[in-house]
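The values are calculated or read from the model by the stated rules, or taken from the named source; none is laboratory data. All values reported here derive from a predicted model rather than from experimental measurement. Here the Cβ is made from the backbone with ideal geometry for all residues, glycine too, and neighbour counts use every protein chain on show. Protein only, heavy atoms only, side chains kept; ligands, DNA and RNA dropped before computing areas. Shrake-Rupley method; radii C 1.70, N 1.55, O 1.52, S 1.80 Å.
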Amino acid sequence: MKFGLFTEADTPRGYSVARRYKEVIREAQYAEEMGFDVWGCSEQHFTGPVATTSAPEVIYGAVAQATSKIKLRTMSSVMLKFNHPLRVAERLATIDVISDGRLEIGTVRGNNPHVVQAFEVDAAKTTTEWEESLRLVVKALTQETVEHHSDLYKVHPVRVWPRLLQRQFPRTFVSSTGLATHEQAARMGLGVMSFTVYGWDHVEEAVRLYHQAAKEATPIPGVHQNRSIARLFLGGQCAATKKDALEKVRPSCLGFMKFLVAFFGSTSEKSADYAYLNDWKKLIAGHEDDLEWMNDNLPQVLNGTPDHIIEQVKRVEKMGIDEVIFRIDGNGHHQIMESLEYFGKYVIPEFRNPDDVVRQSTYEDLGVFPPPFML
């Protein structure tokens with residue numbers, strides 16, 4: 001099981017974005033120290049202060065210089081016409097060079113209603129536009145000279161610089177909230193970062209459909225098949241007690257869940273392809289202010305003690321998911337760092353080397369019980 005840290009530089013009231021960006025870099029450094037495998041931020045436009053990462057490639061450059069081992073995955077590069085594929089390819093290759101070959105690619109067709117309006121996106125055509133854009137990015141990064149002619153793009157022979165540092169094309173993922181994209185990703189030989197908008201049964205169905213479609217994949221030329229499924233969780237606050245974890249994460253996690261109701265609701269109106277996103281409102285209907293209920297019943301939210309988080313990670317592992325990504329953001333830097341430390345000391349070791357985990361202390365054998373999960 002791999003562990004990922006996801007941020008969008010969620011900036012609380014009273015902060016400055018300048019301070020939050022510096023904290024994000026330190027959090028990436030600490031995530032690497034605590035044993036996280038992957039770090040990334042998304043490309044978001046016009047959604048601040050909840051998400052202020054409108055130019056993520058710049059942040060990746062800073063994080064690349066501040067870290068040495070953790071993989072840097074773009075979560076996610078919006079590959080639509082307003083982001084010309086040749087420019088995307090140049091930026092991705094630059095991240096790979098600066099990070100000494102640690103780039104992983106995460107892509108998305110986008111579900112931001114502000115992007116649709118501001119960049120004049122035809123929401124009904126985003127699926128086909130995304131696929132063609134991704135294929136052109138791959139061609140630009142794998143072929144000596146790229147040429148492409150279609151109704152969407154007309155690229156005369158040109159060579160993209162810089163080139164990828166990795167000798168093999170980076171592992172590539174698609175962010176997905178719907179079943180159709182899970183299947184499409186699998187058929188194209190791509191991994192999937194899953195954030196479905198329904199309950200646990202839907203998660204199992206998405207995993208089943210993905211694995212079934214992956215058996216008959218036709219990978220994009222130049223890209224090795226990636227059969228990895230990552231599950232995104234919101235909150236990610238780990239603490240000594242569940243009550244403490246929920247109280248610390250309540251403003252950011254509950255606020256973000258409610259934010260998504262309006263955010264996805266606006267997107268659902270743009271095209272029939274996005275209509276299912278309106279079901280986010282149904283997902284939390286009657287429990288809009290009940291974080292405890294969300295945490296206990298929804299596959300989108302995960303906070304609690306190390307034992308609880310370990311239990312839920314093992315639950316998705318049994319489903320066939322091999323990576324978990326936590327959006328630990330907007331809680332204040334101190335609490336984020338504290339949560340990362342809990343992950344590093346108590347959660348990740350359970351999956352890395354469980355035989356090294358102490359199950360019973362000598363003090364407990366003598367009738368003395370220290371506080372649980374000490375930092």
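Quick notes
- Of all residues in region 36-51, those that are touching a residue at least 40 places away in the same chain (Cβ under 8 Å) have Cβ atoms under 6 Å from Cβ atoms of residues that are of a type in the set (Phe, Trp, Tyr) and surrounded by fewer than 18 Cβ atoms within 10 Å (Cβ to Cβ), 6 or more apart or on another chain, in 50/259.
- For region 269-327, taking the residues that are hydrophobic (A, V, I, L, M, F, W, C) and closer than 30 Å to residue 125 by Cβ, the one that is surrounded by the most Cβ atoms within 10 Å (Cβ to Cβ) is identified as 325.
- Selection status of residue 173, among the hydrophobic types (A, V, I, L, M, F, W, C), within 15 Å of residue 322 (Cα to Cα) and at pLDDT 95 or above: yes
- Within region 1-17, residues that are in contact (Cβ under 8 Å) with a residue 12 or more places away in the chain reach partners that are aliphatic (A, V, I, L, M) and open to solvent by 40 Å² or more (accessible area, probe 1.4 Å) with beta carbons closer than 6 Å, at six or more positions or on different chains, in the pairs 11/17.
- Residue 79 vs. criteria open to solvent by less than 20 Å² (accessible area, probe 1.4 Å), closer than 26 Å to residue 331 by Cβ, under 18 Å from the mean Cα position of the chain (by Cα) and among the aliphatic types (A, V, I, L, M): no
- Within region 340-363, residues that are open to solvent by 80 Å² or more (accessible area, probe 1.4 Å) reach partners that are assigned to a helix (DSSP H, G or I) with beta carbons closer than 9 Å, at six or more positions or on different chains, in the pairs 345/306; 356/349.
- Number of the exception - residue 135 against (1) open to solvent by 60 Å² or more (accessible area, probe 1.4 Å); (2) touching a Leu at 6+ places or on another chain (Cβ under 9 Å); (3) within 29 Å of residue 277 (Cα to Cα); (4) in contact (Cβ under 8 Å) with a residue 40 or more places away in the chain: (2)
- From the options 211, 224, residue that is part of a loop (DSSP other than H, G, I, E, B) and open to solvent by 10 Å² or more (accessible area, probe 1.4 Å): 224
- Between 185, 123, 140, the distinction of being within 13 Å of residue 76 (Cβ to Cβ), buried (at least 18 other Cβ atoms within 10 Å of the Cβ) and not polar (S, T, N, Q) belongs to 185 only.
- Any hit, region 90-110, residues being over 26 Å from residue 167 (Cβ atoms) and part of a loop (DSSP other than H, G, I, E, B): yes
- Qualifying residue in region 200-208 (condition: modelled with pLDDT of 95 or more and closer than 21 Å to residue 132 by Cα): no
- The selection criterion, being within 27 Å of residue 124 (Cα to Cα), small (Gly, Ala, Ser), touching a helix residue (DSSP H, G or I) at 6+ places or on another chain (Cβ under 8 Å) and open to solvent by 10 Å² or more (accessible area, probe 1.4 Å), holds for residue 217.
- In region 38-72, the qualifying residues are those that are of a type outside the set (Gly, Ala, Ser), open to solvent by 40 Å² or more (accessible area, probe 1.4 Å) and assigned to a loop (DSSP other than H, G, I, E, B), and the one that is nearest to residue 12 (Cα to Cα) is 49.
- Condition check for residue 51: modelled with pLDDT under 95, within 14 Å of the chain's Cα centre (by Cα) and hydrophobic (A, V, I, L, M, F, W, C): yes
- For region 4-22, the condition of being of a type in the set (Gly, Ala, Ser), surrounded by 24 or more Cβ atoms within 10 Å (Cβ to Cβ) and not in a helix (DSSP H, G or I) holds for at least one residue.
- The residues of region 140-195 that are assigned to a loop (DSSP other than H, G, I, E, B), out of contact with any Ser or Thr (no Cβ under 6 Å at 6 or more places or on another chain), free of Cβ contacts under 8 Å to residues at least 40 places away in the same chain and farther than 30 Å from residue 233 by Cβ, listed by number, are 144, 145, 150, 151, 167.
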